[in-house]
1. Are there any pairs with C-beta distances below 6 angstrom linking a residue in the stretch 68-79 that is assigned to a helix (DSSP H, G or I) to a residue that is surrounded by 12 or more Cβ atoms within 10 Å (Cβ to Cβ), with the two at least 6 apart or on different chains, and if so which?
2. Examine the stretch 28-38 for a residue that is surrounded by 10 or more Cβ atoms within 10 Å (Cβ to Cβ), at pLDDT below 90 and in contact with a helix residue (DSSP H, G or I) (Cβ under 6 Å, 6 or more places away or on another chain), and state whether such a residue exists.
3. I'd like the full set of residues that are closer than 30 Å to residue 37 by Cβ and in contact with a helix residue (DSSP H, G or I) (Cβ under 6 Å, 6 or more places away or on another chain), limited to the stretch 48-83.
4. On the basis of being modelled with pLDDT of 70 or more and under 20 Å from the mean Cα position of the chain (by Cα), does residue 6 make the cut?
């Protein structure tokens, strides 16, 4: 592993260490445990935020590509909409997973 990826690895390791106790929790009286619902809300927030960033970067690239080569605007626009559908599907899959899980 290179030193450049070490912070990313440590951040992932820290997130996994924080998630483990939440997945193991149960309530003593058999009541409702809302910690997993909170985890689902956090997962949806992260997925929506990252999808928004990805869509913004995709739009930026599309606009730059059309500005540089206006003749290829139709092809670029088609690929742009297909990419947007894939990016949005990631957020929708997370949304579906949150509802199915809870």
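1. 73/66; 76/62; 76/65; 76/66
2. So far as the stretch 28-38 goes, yes, one or more of its residues are surrounded by 10 or more Cβ atoms within 10 Å (Cβ to Cβ), at pLDDT below 90 and in contact with a helix residue (DSSP H, G or I) (Cβ under 6 Å, 6 or more places away or on another chain).
3. 48, 51, 54, 55
4. no
A quick yes/no check of all residues on (1) modelled with pLDDT of 85 or more; (2) loosely packed, with under 12 Cβ neighbours inside 10 Å; (3) within 24 Å of residue 15 (Cβ to Cβ):
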position: 63; (1), (2), (3): yes, no, no
position: 67; (1), (2), (3): yes, yes, no
position: 83; (1), (2), (3): yes, no, no
position: 91; (1), (2), (3): no, no, yes
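The values are calculated or read from the model by the stated rules, or taken from the named source; none is laboratory data. Here the structure is a predicted model, which means the values were calculated and not measured. Neighbour counts run over all protein chains shown; Cβ positions are idealised from the backbone, glycine included.
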